[in-house]
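Undergrad: Before I ask anything, here is the structure I am working with.
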Amino acid sequence: MEELLTKYRELSQIHRQQLLAFMDNLLLEQKLEESKGDLSGWKRKIRDVSVWDEEEIEKMKATIKQYGQWQAPKW
């Protein structure tokens, strides 16, 4: 560990930032590998997504059309 810290201190600021970004990437890869196979969280998120029916979509379309007709009050 001491060798790692010694070498880190010898790096320029930009190289330290690059090293930290690389380490973040490695940690992310590790986290993704650990979570492979467990899709329950993903399935829960997908299940909880709301779904609109045709009536709701038509209401939204009508509202969007009204936006173009709206006039701001004059001062």
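Throughout, read-outs are computed from the coordinates displayed, never taken from laboratory work. Just so it is clear, the model here is predicted, and its values are computed rather than measured.
Undergrad: By the gyration tensor of its Cα atoms, with a ≥ b ≥ c the square roots of the eigenvalues, what is the shape of the chain: rounded for a/c under 1.5, prolate for a/b over b/c, or oblate?
TA: Oblate, since a/c reaches 1.5 and b/c is not below a/b.
Undergrad: Compute the angle between helix 54-67 and the longest alpha-carbon principal axis of the chain, please, reported from 0 to 90 degrees and rounded to the nearest 10.
TA: With both axes taken from Cα atoms, the answer is about 80 degrees.
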